[in-house]
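> I'd like to ask you about the structure that follows.
The values are calculated or read from the model by the stated rules, or taken from the named source; none is laboratory data. Quick caveat: nothing in here was measured; it's all calculated off a predicted structure. Glycine also receives a Cβ, built like all others from the backbone with ideal geometry; neighbour counts cover every protein chain displayed. Note: accessible area is taken over every heavy atom of the protein model, side chains too, but ligands, DNA and RNA are not part of it. Shrake-Rupley method; radii C 1.70, N 1.55, O 1.52, S 1.80 Å.
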Amino acid sequence: MPLRVVFFGTPAFAVPSLTALAASTHQVVAVVTQPDRPRGRGHKVSASPVKEEAARLAIPVLQPVRSKDDAFRAELSAFAPDLGVVAAYGQILPVDLINVPRLGMINVHASLLPRWRGAAPIHRAILAGDAVTGITIMRVIKALDAGPMLAVAETPIAPNETSGELEARLAAIGADLIVRTVDAMAAGPVTETPQDEAQVTYAARLQRNDARIDFARPAQYVHNLIRGLNPWPLVSAELGGRRLLLLKSEPIASETDAGTRSVTPGTVLGVEPDALVVATLPGAIRLLRVQLEGRPATSVRDYLNGHAVHVGDRLAPWPPIDPSAPQAAATT
């Protein structure tokens with residue numbers, strides 16, 4: 001029997017799941033998303049991607065400021081939902097709200113739980129150098145991302161894949177898996193597997209200072225930082241007195257390590273037609289795509305057509321450290 005579904009989601013990651021459910025045999029009776037907020041470079045107040053998709057699908061939209069509001073819970077209850085589906089909604093849901101749908105709520109989570117519970121599982125997987133990730137459909141409970149698992153789909157992480165590219169793939173995988181899971185729940189009880197608490201890791205929310213680069217780290221670490229923080233908050237460095245966003249890179253094979261240990265990290269080791277080779281410690285990376293602050297993104301080939309870069313030039317961390325600012329005390 002088709003289920004009456006209420007969908008909770010906000011960013012672009014959640015849109016494919018909403019679209020897929022709306023096209024399934026089930027009925028999405030309402031969409032809950034975050035209130036309209038300033039977005040983008042101009043900070044213009046605009047609707048979330050999920051709200052825009054709900055409008056296209058002619059599905060009623062609810063935008064509570066606080067999910068704990070009694071009035072919102074009553075409004076949601078009036079839709080008589082069988083099931084709640086959550087995908088990157090952006091608020092912690094209280095237990096009394098989780099219990100409104102007859103079958104409770106399930107969540108589309110972008111990791112292989114119990115690894116990377118929390119707000120930034122895609123980015124943290126790449127930053128950590130994980131080779132595999134995936135989607136977990138889990139039951140929503142009071143504890144953060146700790147509910148039993150109903151379905152899992154794995155996918156490899158490509159060596160040069162960015163967080164933005166991986167997110168788009170996982171969104172599509174999640175859309176397929178959530179429809180199959182809701183189909184199974186409509187047909188009868190679904191096996192729910194508890195998470196192994198001994199294997200839990202947490203994906204802390206990203207901060208702008210996460211993007212501060214340190215070339216005195218191994219090449220793979222620097223490469224993972226560049227791709228893991230693309231499209232936000234983006235790693236940048238200072239080159240020739242200007243801020244340069246580093247958008248795409250690749251690490252150079254480890255056999256070059258010995259030759260870079262005596263070079264200051266961040267030094268330009270080579271200027272190729274389509275890349276800048278930059279020293280790390282150990283190793284080196286090839287920068288392939290960059291963006292001057294305030295300018296469009298470009299290939300390094302095009303960047304070099306308008307900007308002279310020489311072997312021996314140095315990329316420094318951005319923002320520069322203010323020597324007059326108080327420094328954190330050393331710890332042992």
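> For the range 209-265, give me each residue that is among the charged types (D, E, K, R), at pLDDT 95 or above and part of a loop (DSSP other than H, G, I, E, B).
Passing the criteria: Asp214, Arg217.
> When you go through (1) open to solvent by less than 40 Å² (accessible area, probe 1.4 Å); (2) among the hydrophobic types (A, V, I, L, M, F, W, C); (3) part of a loop (DSSP other than H, G, I, E, B); (4) over 30 Å from Gly90 (Cβ atoms) one by one for Leu281, which number turns out not to apply?
Answer for Leu281: the failing condition is (1).
> Show me the strands (runs of 3 or more DSSP E) found entirely inside the range 1-108 where at least 3 residues are open to solvent by less than 20 Å² (accessible area, probe 1.4 Å), touching a residue at least 24 places away in the same chain (Cβ under 8 Å) and touching a strand residue (DSSP E or B) at 6+ places or on another chain (Cβ under 8 Å).
4-9, 27-32, 83-87
> Sticking with this structure for a sec: With the requirement that a residue be touching a residue at least 40 places away in the same chain (Cβ under 8 Å) and part of a loop (DSSP other than H, G, I, E, B), what does the range 109-136 give you?
Ala110, Ser111, Leu112, Leu113, Pro114, Arg115, Trp116, Ala119, Ala120, Ala128, Gly129
> Can you tell me which residue in the range 130-145 is surrounded by the most Cβ atoms within 10 Å (Cβ to Cβ), limited to those that are of a type in the set (Val, Ile, Thr) and within 14 Å of Glu192 (Cα to Cα)?
Among those residues, the one meeting the criterion is Thr136.
> Here are Pro273, Pro326, Pro320: which of them is within 28 Å of Gly164 (Cβ to Cβ), modelled with pLDDT under 95, open to solvent by 70 Å² or more (accessible area, probe 1.4 Å) and more than 26 Å from the chain's Cα centre (by Cα)? Let's see the steps before the verdict.
On the way: Pro273 fails: modelled with pLDDT under 95; Pro326 fails: within 28 Å of Gly164 (Cβ to Cβ).
The match here is Pro320.
> Also, quick follow-up: Name the pairs whose Cβ atoms lie under 7 Å apart, with the first residue in the range 303-320 and under 13 Å from Glu238 (Cβ atoms), the second assigned to a loop (DSSP other than H, G, I, E, B) and at pLDDT 95 or above, and 6 or more positions between them or separate chains?
From the range 303-320, the pairs are Arg314/Thr264; Arg314/Gly266; Leu315/Phe215; Leu315/Gly266; Ala316/Gly266; Pro317/Ile213; Pro317/Asp214.
> While we're looking at this one, here's another question. Would you check if Glu154 is within 17 Å of the chain's Cα centre (by Cα), in a strand (DSSP E or B) and of a type in the set (Asp, Glu)?
Values: within 17 Å of the chain's Cα centre (by Cα): yes; in a strand (DSSP E or B): yes; of a type in the set (Asp, Glu): yes.
Yes.
> Which residue is nearest to Thr201 (Cα to Cα), if the candidates are limited to the range 109-126 and must be open to solvent by 30 Å² or more (accessible area, probe 1.4 Å) and within 11 Å of the chain's Cα centre (by Cα)?
Arg124
> While we're looking at this one, here's another question. Which of the residues belonging to the range 193-208 are within 27 Å of Val152 (Cβ to Cβ) and part of a helix (DSSP H, G or I)?
Passing the criteria: Glu197, Ala198, Gln199.
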